[in-house]
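So the structure is just underneath, and the comments pick up after that.
The values are calculated or read from the model by the stated rules, or taken from the named source; none is laboratory data. A quick note: this is a predicted structure, and the numbers were derived from the prediction, not measured. Note that we place each Cβ from the backbone using ideal geometry, even for glycine, and neighbour counts take in every protein chain shown. Ligands, DNA and RNA are stripped out before the accessible areas are found, and what is left, the full protein with its side chains, is counted by its heavy atoms. Shrake-Rupley method; radii C 1.70, N 1.55, O 1.52, S 1.80 Å.
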Amino acid sequence: MVVKINSFGLMGMDSYPVEVEGAINKGFPAFDMVGLPDAAVKESRDRVKSAMKNCGFNFPTAHITINLAPADIKKEGPIYDLPILIAVLKMTGAVVAEISDSAFLGELSLGGDVRPINGVLPMVIKARELGYQKIYVPFANGAEGAVVYGIEVYPVKNILQLIAHLSGDKPIEPAVAEIDEDNTDKQFVPDFSQVKGQAEVKRALEIAAAGGHNILLIGPPGSGKSMLAKRIPSILPDMTFEEMIETTKIHSIAGLLDKNGLVRTRPFRSPHHTVTAVGLGGGGTGTVRPGEVSLAHNGVLFLDELPEFSRMSLEVLRQPIEDGKITISRSHGSYTYPCTVMLVAAMNPCPCGNYPDLNKCNCTKTQIQKYLGHVSQPFLDRMDLCVEASRVEYGELHKTGKEETSAEIRNRVCTARKIQEQRYEGTDIRTNSGIGVRQMEEFCQIGEKEEKLMRCAFSTMNLTARTYHKVLKVARTIADLDGEEQIGCSHLKEALGYRMLDKKYWGR
């Protein structure tokens, strides 16, 4: 007798169907498992045996063979415990219900409880695409799977509850998605009104948020660089439902979802400078997992103390932040994760942090050059804006006037984003930062005066082709904030001003 139970596996961001085949044959009692299972999958036999016995089911004393098809793809993790158990119960007659239109996912405890697993959302999405009507997932993953419409998601607490449901004695209610329609952030987010002074930096952050641009903040310790960066989420527009699903899939695979099941606010990831290249970009020796750059997808990746990061870690980011995706290749396959992020970096201008104030800076010229040299020219070219955060004077700290709130800044950012949404309708571009080289002439046209200005700036400022295009993109965003359809000289001058720090600190 051969039974077939539907399940799924993960390969990067994608899921693929796995058919759990079970057969009972005559012979010496054994439990064989084939289909390229890893160690965690092989251990399923012990969890399934213990769970069945502790829930009052007799484990068959026969030669059982379990095959995980397709057999040429390595199966990883404990997610096949539940479908294997259902296959055994189906072979012994304990389950007689028709389940060909259903799929099963879940890890088992020795007592028969169904434990949560990673990656439920992409697997539920694949199940719906393949036409399955029902899918059974761990109770803790129910809210996560329920956000997918067109398929019934049943949250299972334990084996006995599932058997009672399949037999019709006590049906399980399908999980219902709890989606906040107004998408308001109910968590506390620091506000820009709490930051005194730094008007130039606030303006640069507003431009970066409006166009999704990368930005580098340079300044002495205590000038408020980190404080300002942590307030960027408060001025970003709400995520669309499609962006929520994309972000949730990544966090689901990484096992970082909370009980709500859906990531509703834009991620803000701030890894410590000791993070490895694998931790930042993704990978691993066994299971390939998304890194910090992918976990920040559709949000902000903040790198504080930028020169303290290892050179290898920073170089890993160069291509992903340009392409919006990262591909990790291993001997057993390639995995691609999206990483459309707003990269925000902060750094001191020298080891002591006081350069170029020579009265306070005690660093030698060699020390300063070595410190700044940790940030390579190719990485610097990928920053759209570079802005200096100067020390805040006593008078600014104690002035009585109110600072502009995040809500006021956010309104202007959202208005600019709506202009971009209309401009790029029907394309794969979301913000001005995503304009490709081929689309530059269409979306970043400039007049004769503006072209003359850029020609002069290109030679005097030693701009590269990449930085030239970035200046035009930033100018496009400044024009959008001003409500102007055409990029003017004032927009270009302000955009060029955000490239002046290259020459001041790096001499480039």
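Side notes on the structure shown:
- Condition broken by residue 192, with the remaining ones in (1) closer than 18 Å to residue 101 by Cα; (2) modelled with pLDDT under 95; (3) of a type in the set (A, V, I, L, M, F, W, C); (4) open to solvent by less than 10 Å² (accessible area, probe 1.4 Å) satisfied: (1)
- Scope region 270-305; condition open to solvent by 50 Å² or more (accessible area, probe 1.4 Å), out of contact with any Phe, Trp or Tyr (no Cβ under 7 Å at 6 or more places or on another chain) and outside any strand (DSSP E or B); matching residues: 272, 274, 276, 278, 285, 287, 305
- Total residues in region 454-507, condition in contact (Cβ under 8 Å) with a residue 40 or more places away in the chain, more than 18 Å from residue 386 (Cα to Cα) and of a type in the set (A, V, I, L, M): 2
- Taking region 27-56 as the range and being acidic (Asp, Glu) and either over 13 Å from residue 67 (Cβ atoms) or free of Cβ contacts under 8 Å to residues at least 24 places away in the same chain (or both) as the test, the residues that pass are 38, 43, 46.
- Tallying residues that are out of contact with any Phe, Trp or Tyr (no Cβ under 8 Å at 6 or more places or on another chain) and not in a strand (DSSP E or B) within region 1-25 yields 1.
- Selection over region 380-414 of residues that are assigned to a helix (DSSP H, G or I) and either touching a residue at least 60 places away in the same chain (Cβ under 8 Å) or among the small types (Gly, Ala, Ser) (or both) gives a count of 12.
- Selection status of residue 308, open to solvent by 30 Å² or more (accessible area, probe 1.4 Å), acidic (Asp, Glu), touching a strand residue (DSSP E or B) at 6+ places or on another chain (Cβ under 7 Å) and at negative phi: no
- Selection from region 38-59 of residues that are in a loop (DSSP other than H, G, I, E, B) and either aromatic (Phe, Trp, Tyr) or surrounded by 16 or more Cβ atoms within 10 Å (Cβ to Cβ) (or both): 55, 57, 59
- Residue pairs whose Cβ atoms lie under 9 Å apart, sitting 6 or more positions apart in sequence or on different chains, and linking a residue in region 265-284 that is under 24 Å from residue 232 (Cα atoms) to a partner that is part of a loop (DSSP other than H, G, I, E, B) and aromatic (Phe, Trp, Tyr), are 271/309; 273/309; 274/309; 275/309; 280/309.
- Filtered by the rule that a residue be open to solvent by 10 Å² or more (accessible area, probe 1.4 Å) and in contact (Cβ under 8 Å) with a residue 60 or more places away in the chain, region 117-140 gives 118, 125, 126, 130, 132, 140.
- Only residues that are within 28 Å of the chain's Cα centre (by Cα), of a type in the set (A, V, I, L, M, F, W, C) and open to solvent by 60 Å² or more (accessible area, probe 1.4 Å) were counted across region 1-37, and they come to 1.
- When 351, 356 are checked against the criterion of being buried (at least 16 other Cβ atoms within 10 Å of the Cβ) and in a loop (DSSP other than H, G, I, E, B), 351 stands alone in meeting it.
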